[in-house]
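One structure is given here, and the rest of the page talks about it.
The values are calculated or read from the model by the stated rules, or taken from the named source; none is laboratory data. Computed from a predicted structure; not experimentally measured. Note that we place each Cβ from the backbone using ideal geometry, even for glycine, and neighbour counts take in every protein chain shown. Ligands, DNA and RNA are stripped out before the accessible areas are found, and what is left, the full protein with its side chains, is counted by its heavy atoms. Shrake-Rupley method; radii C 1.70, N 1.55, O 1.52, S 1.80 Å.
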Amino acid sequence: MMELDYYEVLGVSRSAGDDEIKKAYRKLALKYHPDHNPGDPEAEQNFKRAAEAYDILRDPDKRARYDRFGHAGVNGGGGFGSNEDIFAHFSDIFGDLFGFSAASRGPRPMAGSDLRYNLTISFSQAATGDEITLSLPKHVTCSECKGSGAAPGSKVETCRQCNGTGQVRRSQGFFQIAMPCNTCQGTGRVITKPCAKCKGEGIVTDTRELVVRVPAGVDTGTRLRVRGEGEPGVHGGPPGDLYVVLTVELDKRWRRQGQDLVFTQEVSFVQAALGHRVEIPGLEKPIPLDVPKGVQSGAVLRVPGEGMPYPGRRQRGDMLVEVRVLTPTRLSDRQVELLREFEAAGEQTPLQKVKKAAKKISKAMGLD
Ligand SMILES: [Zn+2]
Ligand SMILES: [Zn+2]
């Protein structure tokens, strides 16, 4: 679809105030309302465009981004999938305009909402993967009244106000406006005796258990989507999805860098100079590692395939061993002596050796 200028869609200037924008949208919403334009695809498109434009321009943040960056600043606007979304999203406007919301338009299928569940797991659960049982609140159809909201044995009568249609018609300006029936809240039925268990709602809150499989290698922020486990749909609409958002606890032994694990291995400066064999903690078992002689402090040794698994794959990240060379801070006199000797030995360059040898020779020959 071609991207239209939102100000043009609403027919307002770029400096229009909030009230002006709202007024312009109300006018268009009324004009292109599907109830007044049944089976007119152009009106429906205009109705959706106006909603999209209003959604951006009524929000100061989105409007500022749109002004600066155009559609790119608001992710292309997004738009609305269905008229029901629009009614639900701007219920304030449609409440004012028509005195009804989507619910009173009769039983149309609507998808259930997505749910979010925050779950904290241990580091080892993340490393190996796990099956975790969640306790979820769930809205379920009341078993007492089978969802009717009427007490068992009581009668559900057809609303006399609207003759069971759920709507009453009223003139407003040029239009005949469908209003929800106040007597039955748009359901077309009147419950004479509400169900005691659900207080006439037809729905009760229950707890249910759901087993979620957490794959190995997940990290904080990983979202697991469990299809169809969100809120139930309304009037036969599909259920929403459940999103399990993970927090993985830290492990003192390693730092995590994506799927790599970072371990810090301390060695003495003698071990660094001469080389040293160590054992570092691995996910399953200790990993033997040769710290090579001459290693520098800060050097990183890589042990391939000993990091975290990649979720859903056979590969694993690496273990990165960061070497820290420790400088001794308390030395005995003997150690100081040895280190001085060590340094002196290290200082002797070949030229010094030659000079020393030459001196010895000249001394021996009596030329000194
Ligand atoms: Zn009930
Ligand atoms: Zn009624």
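Report, by residue number, each residue of region 259-271 that is open to solvent by 40 Å² or more (accessible area, probe 1.4 Å) and in contact with an Asp or Glu (Cβ under 9 Å, 6 or more places away or on another chain).
If the condition is that a residue be open to solvent by 40 Å² or more (accessible area, probe 1.4 Å) and in contact with an Asp or Glu (Cβ under 9 Å, 6 or more places away or on another chain), then Thr264 is the only one that fits.
Each residue in region 23-44 was checked for being open to solvent by 70 Å² or more (accessible area, probe 1.4 Å) and either among the charged types (D, E, K, R) or not assigned by TED's automatic domain parsing to the domain that holds Phe80 (or both), and 6 of them qualify. Going through (1) at pLDDT 95 or above; (2) open to solvent by 30 Å² or more (accessible area, probe 1.4 Å); (3) within 17 Å of the chain's Cα centre (by Cα) one by one, Arg227 falls short only on (1). Just to be sure before I move on: is Asp206 away from ligand 1 (no atom under 16 Å from the Cβ), touching a residue at least 60 places away in the same chain (Cβ under 8 Å) and farther than 22 Å from Asp35 by Cβ in the structure I sent? Taking the combined requirement at face value, the residue does not satisfy it.
With respect to the conditions (1) buried (at least 16 other Cβ atoms within 10 Å of the Cβ); (2) outside the structural domain of Pro238 (by TED's automatic domain parsing); (3) modelled with pLDDT of 65 or more, Gly77 falls short on a single one, namely (3).
Of the residues making up region 182-211, just one is away from ligand 2 (no atom under 16 Å from the Cβ), in a strand (DSSP E or B) and crowded, with 18+ Cβ neighbours inside 10 Å, namely Val204.
Summed over region 137-181, the residues that are outside any strand (DSSP E or B) and either away from ligand 2 (no atom under 16 Å from the Cβ) or more than 25 Å from Pro38 (Cβ to Cβ) (or both) give a count of 16.
Among the residues of region 142-162, the one identified as loosely packed, with under 12 Cβ neighbours inside 10 Å and more than 16 Å from ligand 1 (Cβ to nearest atom) is Arg160.
Number of residues in region 331-368 that are closer than 25 Å to Gly294 by Cβ, modelled with pLDDT of 80 or more and in a loop (DSSP other than H, G, I, E, B): the value is 1. With the structure loaded, tell me whether Ile86 is in contact with a Lys or Arg (Cβ under 9 Å, 6 or more places away or on another chain) and under 22 Å from Ala111 (Cα atoms) or whether it fails that test. In short, yes.
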